[in-house]
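Shown next, in structure tokens, is the structure this report addresses.
The values are calculated or read from the model by the stated rules, or taken from the named source; none is laboratory data. As the structure is a computational prediction, the values presented were derived from the model and not from experiment. For neighbour counting, all protein chains shown are included, and Cβ atoms are generated from backbone atoms with ideal geometry for every residue, glycine included.
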Amino acid sequence: MDQPLAVPAPVLTRERFVLHRAAEAPATSFAADVRRGLTATPKFLLPHYFYDALGSALFSAICELPEYYVTRAEEEILVSRATEIAAAFGPRVRLVELGSGSARKTRHLIDAILNRQPALDFFPIDVDAGILESSSHDLLNDYPGLSVSAICGDFRSPASLLHPFLPPSDSRTIVLFLGSSIGNLDPAAAGAMLANLRSALNHGDALFLGADLRKSPSILEPAYDDPLGVTAAFNRNLLARINRELGGTFDIASFSHRAWYNEAEGRIEMHLVSEKAQRVLIDGYEVAFEEGESIHTENSYKYDDASLHALAAAGGFDIERRWSDSNGYFADLLMVAR
Ligand code: AVJ
């Protein structure tokens, strides 16, 4: 916490910052994924596409909702246990973050690590180059001991980003994957993603993973169906985005937001339900909806000890430590590469 004042030295800042661009995903992937999802039975869209500029702003608003406990629960863990977590990371570490975004929560860990070592290499990974540049700029001004190698790319197969851009080092690599983003993947895909990550790590390196825990539907469901309708707007923005970017003709207001806890699968499901029979044109093809037909837009898996252990094992990790918030809603886990 006893950081010297910000160093407004542009030359120094430039030396401490590099931005790598991984091979761009083809610009056609949104169009292709939408077509694949809306011509499937049942219809689906990928949650990955929620996050255009408006969607990211709506997600930030969700994080402020009293019903959406997820962000606050993890923040509580990071604020109250940062010293302990940094100690568990060990004496000489470097940090990778998958989906770093604004890196707001990461600051608690950076603070605690820089109280233990004089300098830190940080490798934030995000699909949004703009947010990588602005968050890196802010971090470098606030932490003179920090060097940032930002990687612009899709973190869903992390090894392909880490192999070229994470140089060999004597420091222990700690990979942060915060916020329960892992929850969007079904158990098989989540295990495969961790195994892919593991392949880019050395024995003893670690993953620091945020996971939302299973709990009563009376707490879970309002978090994904809030009375202000912010989550409904976030969900419907997918259709608005198809209209904006792919020339779609969705009548947004005729699709209702639905969210419920599927207890058997241990996941929140979000859907958009067509309130009437209708046809929508997108980019030259037509999609027909029956009255009451749904588009499955998101799964948000919730974990318990058994599913967390299965996840770690599938990825080739051992759970070494587990921290939880005072309500027991959320867990951050230190998983060590076998
Ligand atoms: C960003 C995937 C963690 O599942 O809680 C929030 C996304 N969707 N409200 C979650 C989300 C609706 C969020 N994650």
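What the table shows:
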quantity	calculated
Entirely in segment 219-338, the strands (runs of 3 or more DSSP E) that have 3 or more residues that are at pLDDT 95 or above and within 16 Å of the ligand (Cβ to nearest atom)	255-262, 267-274, 294-301, 330-337
Filter result for the condition that a residue is in contact (Cβ under 8 Å) with a residue 60 or more places away in the chain and within 16 Å of the ligand (Cβ to nearest atom), over G179, G191	G179
Residue in segment 237-257 that is hydrophobic (A, V, I, L, M, F, W, C), within 25 Å of N184 (Cβ to Cβ) and touching a His at 6+ places or on another chain (Cβ under 6 Å) present	no
Residue check, D154 assigned to a loop (DSSP other than H, G, I, E, B) and within 27 Å of A312 (Cα to Cα)	yes
Hits in segment 157-190 (condition: within 19 Å of S102 (Cβ to Cβ) and assigned to a loop (DSSP other than H, G, I, E, B))	L178, G179, S180
Criterion: under 27 Å from F330 (Cα atoms) and crowded, with 18+ Cβ neighbours inside 10 Å - qualifying residue of P187, P158, P227, P217	P158
Test set (1) surrounded by fewer than 19 Cβ atoms within 10 Å (Cβ to Cβ); (2) at pLDDT 95 or above; (3) in contact with a helix residue (DSSP H, G or I) (Cβ under 7 Å, 6 or more places away or on another chain) - A150 fails condition number	(1)
For F250: the one exception among (1) surrounded by 15 or more Cβ atoms within 10 Å (Cβ to Cβ); (2) of a type outside the set (D, E, K, R); (3) out of contact with any helix residue (DSSP H, G or I) (no Cβ under 6 Å at 6 or more places or on another chain)	(3)
